[in-house]
Structures are given as structure tokens and as C-alpha cells.
1. Can you name the residue in region 36-45 that is modelled with pLDDT of 90 or more and surrounded by 20 or more Cβ atoms within 10 Å (Cβ to Cβ) and is also nearest to TYR127 (Cα to Cα) among such residues?
2. How many residues does region 428-440 contain that are touching a Pro at 6+ places or on another chain (Cβ under 9 Å) and surrounded by 15 or more Cβ atoms within 10 Å (Cβ to Cβ)?
3. When region 412-442 is examined, which residues are found to be modelled with pLDDT of 95 or more and part of a loop (DSSP other than H, G, I, E, B)?
4. Being assigned to a loop (DSSP other than H, G, I, E, B), surrounded by 13 or more Cβ atoms within 10 Å (Cβ to Cβ) and modelled with pLDDT of 80 or more is the requirement here; does ILE110 meet it?
5. If I go through region 126-171 residue by residue, how many of them are at pLDDT below 85, surrounded by fewer than 20 Cβ atoms within 10 Å (Cβ to Cβ) and out of contact with any strand residue (DSSP E or B) (no Cβ under 8 Å at 6 or more places or on another chain)?
6. I'd like the full set of residues that are under 21 Å from GLY408 (Cα atoms) and of a type in the set (S, T, N, Q), limited to region 424-456.
7. How do the pairs read when you match residues in region 468-486 that are free of Cβ contacts under 8 Å to residues at least 60 places away in the same chain and assigned to a helix (DSSP H, G or I) with residues anywhere that are among the hydrophobic types (A, V, I, L, M, F, W, C) and surrounded by 12 or more Cβ atoms within 10 Å (Cβ to Cβ), using Cβ under 6 Å and keeping only pairs 6 or more apart or on different chains?
8. If I go through region 338-367 residue by residue, how many of them are within 21 Å of PHE389 (Cα to Cα) and in contact with a Ser or Thr (Cβ under 8 Å, 6 or more places away or on another chain)?
Amino acid sequence: MSLTNDSESEKSALVIDDNSISRMIMEDELEGAGLHVYVASSSQDGINLAVEKIPNLIILDPSVSGFDGLRVISELKASERTRDIPMVAVMSADSRAPQHNGLKDFAIRIFHKPFPNGKLSLFVTSYLNSEAGRKSSRILLVDDSSTIRAVTKYLLEKQGHTVVVAEDGVKGWETLNRISSEIDMVITDINMPHMDGRQLVGLIREEKKFRLIPVVVSTTISEKESIKLLLNMGADDYIIKPFSSEEFIARIQSHLRVKTLYGELVTVNQRLAKLSETLELRVAERTDELYQSNLDAIYSLATAADSKDEITGNHVYRIQSFSEALALKMGLGDKLAVEIGYSSIMHDVGKLSIPDEILKKPGKLTAEEFAIMKTHTTHAERILPKKDFYAMARTVARSHHEKWDGSGYPDGLKGENIPLPARIVAVADAFDAMISKRQYKEAWPMSQAMDEIVKSGGRHFDPEIADRWVALYKEGKLDDILKLLG
């Protein structure tokens, strides 16, 4: 079923919330992002509007008056007209746990009120844009069980995908090479005759032309130990058989959205590369246009990385402002300070290559998981274009986790051997991480974060840069940035 709304060019959202202030805030934010917004203050009104308007997405407070959110979702999912509409839940942090757990099976995302201005619209627009081509996805399914092939094929085709099947790794590899330009994802079993899933994943990841195709491995509990090896070989995710159809589809859709985003970024980079090759032939008035195009690519890459890590989009703008202010305080001059600022935006772009189960893990990472996490610094060099405009960004992305005493990564650089831009961004990034709430920790008070910066000067951070950071704090510059960017 294809979703339609009042305008072919304008995407729409339905907000169901009985709190008038909350409803107004979400309506204004989503309209500001270019969406047509319908609003309902009760469950029944929301259901009626959803059936009538068929919005592209529904945003629902599960405690809305009338009856509970799970019953609303059940009615919408039971209707042929509304069952395919994706849903986002917005709920207070103290909402009942059972309801929260139930919502996770249906909602593509859960936001807890209050959330930062812009966070909801950033997610919704990013999701809807990446969903635009979802129905045309073509998936290669490799499994030696005819029953599992049939069930999986049915689930995927029910979502509008086209499924190409192969009964073992050899035929899967042949099919992928024959129609690689048409394949958006590979789902493969592990144990198969002739060529197993391990060999197939290895072959896929050895080929540069397949680097953007997500690979999901299906496994049994007894094969789970093989997952670590497969993830290290380049598999993007795994699903344990027998699996929940809702979870399976949600994970598949998530990887297809990321793949779409990767494709868009590659297109942008290809266009930028072409522009750069002809730069010498351009007249002076085109210079500013090229500069702005590169900046747009920077923000796109940075936003993609932060969205994958579920970090608010303001994070990269704070890092940019912090780094630029600190560079000016170091006396580096306006031009260099601006370059360090926009280069800092891409410090974590390498996280696009880190598996979600590591990137979004709420608890402490194991030594093996942390080793994979650390590779985001070197992955960034491969992601960022090899053009002079991005040279400092590549340096910052690789070296912002180096430490003054030589105990950092990836190269164990020490003291002034660490590039100065990376030393500056290291302080800005660490401070912002400390004062921000993340999945694995609460936000620190600013005073505590400042104490940590001072204490770490000469160990983690360049002591002179740490001193200049303290000066910025005392002058109120950090407060000014935080008030502006939140």
C-alpha cells in the first residue's frame, strides 16, 4: 500500500496529544520544517484524521485522553488504510514501563518529554526523506532452507520490497555480481552448503563496489558465537531465528534508511569532487558558491553521523562554536579559527561505519567492542573526500582522541606531535560530552566539567589549551554559546 496525502510534493504528519501546549510546540516545530501538520486532541479524533488524511507519519502521546496509546495503535494497525503509517511516540519520562515496552514493538522512535527544540523535526524530516524510496528496495535473500526463504520473502514483499532468492552462498555471490547495481541489501544465513555465510560476507566486503550494501546475517542461538567474527568481517547486523516479524522488519528498514543516506552522501561527494577538479577554470565569483557547497556536505555528513548515534543535531554546532572560540583565544587568527571550527564538525563522521549494537549500547563497552569503536577515527579518513578543503577535517577526525601524555588513540601521539587543531577540538568535544546527557550517563554540571578539564591539563589535554579554555569560561563565552545553541 502506498501512502498518499493532500499534496504530492508536501509531506504530512499527524500529532495526537491532549496537552494543548505540547501539541502547539510540536505543530510549530514540524510546520517550520516544511511539513503539513494535522492535530488531534483525543484518541478518536486522531484515528478519524489518520483514516481520512493518510499522513506520512503519526506522532502520538500514548497517554492521550480517550483510551491508551497501545489501543490507538492497535486500531490504526488493524485498518488497511493506516496500518503502514510509521509512528513516533512522545511520552513523559515517568510513563508506565509496560506501556513503554509495548510501544517499542510498534514505534519507530520514542521521545521523552521535554526534548530539545528541533530534535523531533530533525528526526521526522530525516526519516521521511530517507523513506521516500523505501518501497522500491531490492533485497537479495540467501538461505538453504526453502521454508525460511518463503517466510522471509513473504514478510519483505508485504512491506513492498522486491526479493531475489538464492539457495546457497555460491548462487548468492553469482547473483550479487550479476545484478549488483539493483541490490539494496543482502540477508544471508550462516551455515549453507558450497559456500557459507562467513565466506559470502568476506567476499562482499572485499569488493569496493559493494561497500554501501548492508549485510544482515540470520543465525540460530547455537551459532551466536560466529556473530562476533561476522561483525568484524563487515556484517552490519544479525537476527536470531526464530525472530519476531516486527523486530525483523524494523531492523531491515533501519539499515535500508542508512543505505539510502549513504547513497545520498556519495552523490554529494561525487558532485563536490567534480566541482573541485574544475575549480581552476571557475571565475572568482564562483568561489563562494563552492565553499558553501562544501559546508553543506560537511553538515550533511555530521548530521548523518549524529543521527545514527541518536545525538541532537546541535552537538556539532556547539563543537564548531567552542572550537572556533578556543582557536581565537589561542591567537590563531580569524581565518584559521573558522577553518578549525568547520573542520571540527566532522570529528565523529567515522561513526557511520560503527555497528549500531556497539554505537548505541547503553552499558560499558567490552574491550573488543571498544577496539571496534576506536576505529571511527580511521574510518573517517576513508569517508571524507581526499580534497584540500577537507585536509584539516581528516586530521581532526583522526587525532581528536589522542592525549597529551601519549595514551590516546589511534596513533599514540604525544604532546605537540598531536596536530594543534585536534588538540583544540579534543577539549571542546570532551567538554560537550561531559555536559550532555547520553544513553549511558547523565549530564554533568558545568562546574564539574570545568574541574575535569583543569585536572586533565597536562595529562589528557594540552595544558596551555586547557588554560585558555578556563579563560573562555571565566569570560562567559561558553555560557553564551550554550544559551544560543542549547
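1. TYR38
2. Counting residues in region 428-440 that are touching a Pro at 6+ places or on another chain (Cβ under 9 Å) and surrounded by 15 or more Cβ atoms within 10 Å (Cβ to Cβ) gives 1.
3. GLY412, LEU413, LYS414, ILE418, PRO419
4. On the way: assigned to a loop (DSSP other than H, G, I, E, B): no; surrounded by 13 or more Cβ atoms within 10 Å (Cβ to Cβ): yes; modelled with pLDDT of 80 or more: yes.
No.
5. Number of matching residues: 10.
6. SER456
7. Here the result reads TYR473/MET450, each pair linking region 468-486 to a residue that is among the hydrophobic types (A, V, I, L, M, F, W, C) and surrounded by 12 or more Cβ atoms within 10 Å (Cβ to Cβ).
8. Final tally of qualifying residues: 5.
The values are calculated or read from the model by the stated rules, or taken from the named source; none is laboratory data. Just so we're clear, the structure is a prediction, and the values are computed from it rather than from any experiment. Virtual Cβ from ideal backbone geometry, glycine too; neighbours counted across all protein chains shown.
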